[in-house]
Amino acid sequence: MRRVSDRLTTLSTTMVWLAGGLLILPAVFVSVEVVVRKVFVVSVGGAAEYSEYVLAICSSWAFGFTLLRRAHIRIDSLHHKLGDRAKAVLDVAAYAAITMLAALLVWHGSGVLGFAWEHGVRSNTPLRTPMWIPQGLWFFGLVVFLLICATLLAELVLKLLRGDIAGAVALARPMDAADEVEDIMQSEIVDKDTRK
């Protein structure tokens, strides 16, 4: 289970870096569009359309990474006041709920992608983009998100079944200020090591 989790973490990290790079493209495209429109009074076209695709793709590619980093938004005012056993039960319920949500997204996303693929759907813009391309990249992010959700839920349940309550709580607990400081310190150490 740990090997699967490590591979999903590596995949998710790679996807987030690619998504970050991908977000630069619409910014450049929109900038060129503005300059060309202002200087030559002509529109390149497509900047808004491709920006929308990139936003959807990058969002779905970041879902799993955010969950792995425990950076998702949680209402944890009650969580900190509970004992470890109660925390673990709430965490299992939360991870089960997000796994069901991810499964629902994948289910409906597969229908959207399948329809676009089967019917050769294209965007109703002058660019006539084959919709299976952006939808396929978006759907890939949803599938990875579901795999990460299911893996984390399985790890959490296995820890509870083994009686490792503290390990289960540590795996699922929300990130706090101390975790964020530690994360920043670790990234600084990695940055220094890579510069040498």
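Annotations for the structure displayed:
- The stretch 29-45, residues that are part of a helix (DSSP H, G or I) and either touching a residue at least 60 places away in the same chain (Cβ under 8 Å) or closer than 21 Å to Trp138 by Cα (or both): Phe29
- Summed over the stretch 82-119, the residues that are hydroxyl-bearing (Ser, Thr, Tyr) and either under 20 Å from His72 (Cα atoms) or in contact with a Ser or Thr (Cβ under 9 Å, 6 or more places away or on another chain) (or both) give a count of 2.
Condition check ((1) within 20 Å of the chain's Cα centre (by Cα); (2) at pLDDT below 95) across all residues:
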| residue | (1), (2) |
| --- | --- |
| Gly83 | no, yes |
| Gly120 | no, yes |
| Met131 | no, yes |
| Pro134 | yes, yes |
| Leu146 | yes, no |
| Leu161 | no, yes |
| Ile165 | no, yes |
| Arg173 | yes, yes |
| Met185 | no, yes |
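- Qualifying position, being without any contact (Cβ under 8 Å) to a residue 12 or more places away in the chain, within 25 Å of Ile148 (Cα to Cα) and either in contact with a Phe, Trp or Tyr (Cβ under 7 Å, 6 or more places away or on another chain) or assigned to a helix (DSSP H, G or I) (or both), among Trp17, Trp61: Trp17
- The condition (being closer than 20 Å to Val169 by Cα and at pLDDT below 85) is satisfied by just one residue among Ala94, Ala71, Ala88: Ala71.
- Test: residue in the stretch 171-179 that is in a helix (DSSP H, G or I), open to solvent by 80 Å² or more (accessible area, probe 1.4 Å) and in contact (Cβ under 8 Å) with a residue 40 or more places away in the chain: no
- Of all residues in the stretch 144-162, none satisfies being in a helix (DSSP H, G or I), more than 22 Å from Ile73 (Cα to Cα) and either in contact with a Lys or Arg (Cβ under 8 Å, 6 or more places away or on another chain) or of a type in the set (Phe, Trp, Tyr) (or both).
- Qualifying residue in the stretch 6-24 (condition: open to solvent by less than 40 Å² (accessible area, probe 1.4 Å), closer than 19 Å to Trp138 by Cβ, of a type in the set (Phe, Trp, Tyr) and at pLDDT 85 or above): no
- Figure legend. Inter-residue proximity from the stretch 120-137: first residues basic (Lys, Arg), second residues open to solvent by less than 100 Å² (accessible area, probe 1.4 Å) and outside any helix (DSSP H, G or I), beta-carbon distance below 6 Å, spacing 6+ or different chains. Indicated pairs: Arg122/Pro130.
- Unique match (being touching a Leu at 6+ places or on another chain (Cβ under 8 Å) and open to solvent by 50 Å² or more (accessible area, probe 1.4 Å)) among Leu90, Leu67: Leu90
- Taken together, Arg74, Arg70, Arg85 contain a single residue that is among the basic types (Lys, Arg), assigned to a helix (DSSP H, G or I) and either touching a helix residue (DSSP H, G or I) at 6+ places or on another chain (Cβ under 8 Å) or closer than 30 Å to Ser31 by Cβ (or both), which is Arg85.
- Selection within the stretch 107-130 - crowded, with 17+ Cβ neighbours inside 10 Å and within 30 Å of Ala172 (Cα to Cα): Gly109
The values are calculated or read from the model by the stated rules, or taken from the named source; none is laboratory data. Quick caveat, the model's predicted, so the values are computed rather than measured. Glycine gets a Cβ as well: all are built from the backbone with ideal geometry, and neighbour counts include every protein chain shown. The area values use the complete protein model at the heavy-atom level, side chains included, leaving out ligands, DNA and RNA. Shrake-Rupley method; radii C 1.70, N 1.55, O 1.52, S 1.80 Å.
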